[in-house]
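The values are calculated or read from the model by the stated rules, or taken from the named source; none is laboratory data. Computed from a prediction, not measured in an experiment: that's the story for all the values here. Please note: Cβ atoms are built from the backbone with ideal geometry, for glycine as well, and neighbour counts cover all protein chains shown. These accessible areas exclude ligands, DNA and RNA; they are computed on the full protein's heavy atoms, side chains included. Shrake-Rupley method; radii C 1.70, N 1.55, O 1.52, S 1.80 Å.
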Amino acid sequence: MSLLKRIGVVVVAIIMVLSIAGASAAFAVNGTVLDSDHLTDTFEEEGVYASVATEGQDRISDQLNTTLDERADEIPAGITLDFDSRAAAETALTEAYVDEEVSANVEQLLAYLNGDAEELALAVDLVPVKDSLGEYVANDTIAVDTVALANERGVNVTTAGVTVDSEMLVRLNENQEGYEQTRIQLRSQAVEGADVPVSIDANGSVVVDTETFLRNTEFEAERNGVTVDTAMLVRMNANATGYADARADIRSQGLAQEDVPIDVAEDGSIEVDTVDIAREANFSSDSQDVSIDDGMITRLNANQSGYDAVRVDVRRQAVEEFPVTLDENGEVVVDTVDIAQEQNVTADQDFTVDDGMIARLNANQSGYDAVRVDVRRQAVEEFPVTVDENGAVVVDTVDIVQELDFASATQRIDVTDDMIERLNEDSDGYAAVREEIRDQVREDLPSFATASQVDTALEEINAELKANATAQARDNYGEDVSEDTFDDIVALQNTTIDGLTDPDLEDYDTYATRRDGDESALAESFGRELDDGLREANEEMKATAADQIRTEYGDEDLENETVQNIIALQNTVIDGLTQPDLTDFDEYASQRDADEAALGDSFDRELDDGLLEANKEIKADAAEQARDRYGDSVSNETLDDIVGLQNTVIDGLTHPDLTDFDEYASQRDQNEVALERSLTAELEDRLREANEEIKAEAAEQVRSEYGDAVSNETLDDIVGLQNTVIDGLTHPDLDEYSEYASQRDDAEAALGDSFDQELTEKLSEAGTDVKADAAERIRNEYGDRVSEATLDDVVALQNTVIDGLTHPDLSYDGYASQRDDAEAALADSLATELRQRIDDRVDDRIELGNVTGEQADALNTARTGVGLLGTLTLVLPLVFLALIGVVYAITRSIHRTVATTGYSLLVAGIVGAAVGLIARAPVLDIVDTALESSEDELSGTGVGEAIRSIIESLFGALTMQSVVLAIVGVVLVAVVLADRRGHLEALKERARGS
């Protein structure tokens, strides 16, 4: 392409840059500064509408307050202008209203600048604001407070004993319930003025309430130990339950004087509790060591199980000193082991029997045999014999012979224990020992001595040893064994000596046979001697045991039969221990069980006899205690009934034959009924006497308290009511609450009727006085401030309130209707005046007028500029498009045309973005400087912030559009470059193929 064309393309490209950049700027201005929606939205976002509305509301509120303050001093107190100036201003001048007016004026301004309007006419329409304020005033803004009006007029004065206060006036005007309650309160005040404790019912009628009457009398009287006070009188009049409780209380007081532990039931009847009665006495027997505590008394009277348990407990206490126990049925149980372990019967014997042996002896055959063998073994401990597991004596030759001192018998041979053992082991040991003996003998003979000479020497030694062994045996056993046993010991010793030294007794079997025979003979003699010794010990032990038993139990008042049965059982145990012939446990156990049964029977009989004796002793002592405790407070008949009940309890505790709880309970219940009857009779006599005395005292108190306040007829009715109450409390025959309540209600009605007429007269007088006083006060205070009609309305409203308080026939609906009419008339007149004053002080429209002078010139210049900007917005994009065609015409190349367009957009975008980013801060500084001069006027309005926001949005839009232009330019340039390098050939091929 020629140089001239290239220069032409460059020039055209520069113009393209300028045109598209100018178009972007024009679009940014039109989309921000000259867009009404954007402007109004910015004003709203920056709070311009809200601040303008707030400022306008402040001005309207101040103006309204001034108007209202002027009027407030002129109207009567109690009639208030319930007018919230701020709320009224907020209702009239809303942010939406400001938005609407500002939007209209912005559109008018833009229309003028764009040439759509010939004149600039800016104005604010205030008619909607005035209409809204008028509607607000008419909407119940004037409140007539009847209560405050009545208070201000001095209704709360005391007239004829009746006081009307603020609280009463409030409740009177609240609702029907408050109205009725206030009228009742007023009637109550009139009654209170008479100083009589009566009340007013829901209909305003006088009601005599016995409970209220009693609370105000502060009555209290005491007769015969019975105290009647106000609290008790009030409680008995509450309901049937309170009536029964109060009568029961009175009866309890009467019974308290008798010092008897009894209760009064809910129905007022006397209840005797055997447990309480019995606990007052001390049931014990020194002779039988029996004591009864409160817990036992309680369990005895609970049920069959407790009854049986307590009776068994008493019987156990009676046998506590004896080695017997009771089973769960109270029968004596004898345990031989316990009996036997109480005595020490082996103190003088060569053997001892401990508690464990007694227990094992009585356990079973095995234990029985083991203990008997143990006793026999102890009996032969001093002898060189043993007892086998069957109790038979066992003789061991070695043990017998080793007891001998062979050295003292001869010096010619040395016989050791080991030699004795080997001698009796077997034939080899026997031969070896004999040979050792011969060697010892041969050593003492000449070396040439013959066997015959050795035998002779052995025979001599044999004789020496036997003589010496017999002497030793005599020393060791002579006094402790019989001659037969001694001979058997000597025979066994001699046989052993023969086995050691008899030259002719060479055969072991011969020796062993002879030795075994001697052992058997000795065992038999030792056995006989052991049995004889045990029989002798048996008799000695029985005598010792009998002495011990008589000493231990003879002074315990046990009968001789029981003592003998204990001795018999003890003797059976001793036989089991030492009787040689009583080897069978079953035979022993049979005899023991028979002795136990006999002892149990005798103990049972003796226990029963002892408890019968204790029964009499406890009864006598308990009767004496009862007479000491109750003799001065109850009659003899009642005292006998108390003693009778105690005796039944004592029989239940100690009488052997009274085993059935039902039988005991039946007798106990009969005694309780008898005691209740006697106590009831005494109580009723005491209450009748107290009734008459309390009535007399009560009548005197009533006449003293009310005599000056009421007529004699009313006074008699009061006394009649008082007497009815006292009868209900103390008269024995007035049991039914309904009968009492009927008499009481009749007395209340009579007393109420006498007060009702007096109350009506008092209230009528009070109403007339209060009306006259209130009307006079109103006319004196506001006669020169309001019209006569308004003054009459105020007086009419005041009289309506007084009628509501005191008129007997005025219902709440009638009162409320009259009151509401008076309030409405007064409110209407004041509201009309207030609306007129507002209308007079506020214009319908604010005209901003025409702009003149320099401002007019500036406005015309701005209008011309805006028109030009609108033209550029349309023309510049068309110029840009035309220039694209010029480039194509010059280059005749789509690539060059697209590339030139892309570069133009890229340069325009970069320039626009740079301007948007770089120029923003300086421009905003200029705006801020300009706004500072109007800071006082614009502060808090949000206008300055809105202007800044509009400028920022302008530069923001310019920057964004420029970025978009640059991106489009980059894309176009990139496409051209890619195509030139062949990167788009594949895409083109696909396009051609499709």
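Here are a few things to note about the model shown:
- Screening the candidates Asp531, Asp504, Asp547, Asp516 for the property of being on the phi < 0 side of the Ramachandran plot, touching a residue at least 24 places away in the same chain (Cβ under 8 Å) and either loosely packed, with under 15 Cβ neighbours inside 10 Å or of a type outside the set (S, T, N, Q) (or both) yields one hit, Asp531.
- Within the range 443-454, the set of residues being open to solvent by 50 Å² or more (accessible area, probe 1.4 Å) and outside any loop (DSSP other than H, G, I, E, B) comprises Glu443, Asp444, Ala451, Ser452, Gln453.
- Considering the conditions (1) more than 25 Å from Phe486 (Cα to Cα); (2) modelled with pLDDT of 90 or more, Val394 is excluded by exactly one of them, (1).
- Selection of the range 650-671 for residues being closer than 10 Å to Lys619 by Cβ and surrounded by 22 or more Cβ atoms within 10 Å (Cβ to Cβ) yields Ile650, Thr654.
- Top-ranked residue in the range 304-327 [being of a type in the set (Asp, Glu) and either part of a loop (DSSP other than H, G, I, E, B) or surrounded by fewer than 16 Cβ atoms within 10 Å (Cβ to Cβ) (or both); ranked as modelled with the highest pLDDT]: Asp327
- Selection status of Val719, touching a Leu at 6+ places or on another chain (Cβ under 9 Å) and of a type in the set (Val, Ile, Thr): no
- Evaluation of Thr346 against the conditions (1) at pLDDT 80 or above; (2) among the hydroxyl-bearing types (Ser, Thr, Tyr); (3) in a loop (DSSP other than H, G, I, E, B) shows that the sole unmet condition is (1).
- Picking from residues in the range 365-393 that are part of a loop (DSSP other than H, G, I, E, B) and not aliphatic (A, V, I, L, M), the one that is surrounded by the fewest Cβ atoms within 10 Å (Cβ to Cβ) is Glu389.
- Candidate set: the range 581-640, residues that are in a loop (DSSP other than H, G, I, E, B) and surrounded by fewer than 20 Cβ atoms within 10 Å (Cβ to Cβ); chosen: the one farthest from the chain's Cα centre (by Cα): Asp581
- Within the range 724-739, the set of residues being among the polar types (S, T, N, Q) and surrounded by fewer than 19 Cβ atoms within 10 Å (Cβ to Cβ) comprises Ser738 only.
- Subset of the range 794-809 that is aliphatic (A, V, I, L, M) and over 57 Å from the mean Cα position of the chain (by Cα) - its residue that is farthest from Ala824 (Cα to Cα): Val795
- Residue selected from the range 800-822 under the condition crowded, with 20+ Cβ neighbours inside 10 Å, at pLDDT 75 or above and not hydroxyl-bearing (Ser, Thr, Tyr), by the criterion nearest to Val770 (Cα to Cα): Ile802
- Residues within the range 574-625 that are of a type in the set (A, V, I, L, M, F, W, C) and farther than 30 Å from Ala379 by Cα, tallied: 12
- Among residues of the range 201-217, those that are crowded, with 22+ Cβ neighbours inside 10 Å and modelled with pLDDT of 70 or more, counted: 3
- Cβ-Cβ under 6 Å pairs, at least 6 apart or on other chains, the range 399-425 side under 20 Å from Leu505 (Cβ atoms) and hydroxyl-bearing (Ser, Thr, Tyr), far side open to solvent by 20 Å² or more (accessible area, probe 1.4 Å) and assigned to a helix (DSSP H, G or I): Thr410/Glu464
- Just so you know, in the range 37-86 the residues that are part of a helix (DSSP H, G or I), under 30 Å from Leu797 (Cα atoms) and open to solvent by 20 Å² or more (accessible area, probe 1.4 Å) include one that is modelled with the lowest pLDDT, and it is Arg71.
- Looking across the range 402-427, the residues that are farther than 15 Å from Arg514 by Cα, in contact with a helix residue (DSSP H, G or I) (Cβ under 8 Å, 6 or more places away or on another chain) and outside any loop (DSSP other than H, G, I, E, B) come down to Gln402, Phe406, Ser408, Ala409, Asp417, Met419, Ile420, Glu421, Arg422.
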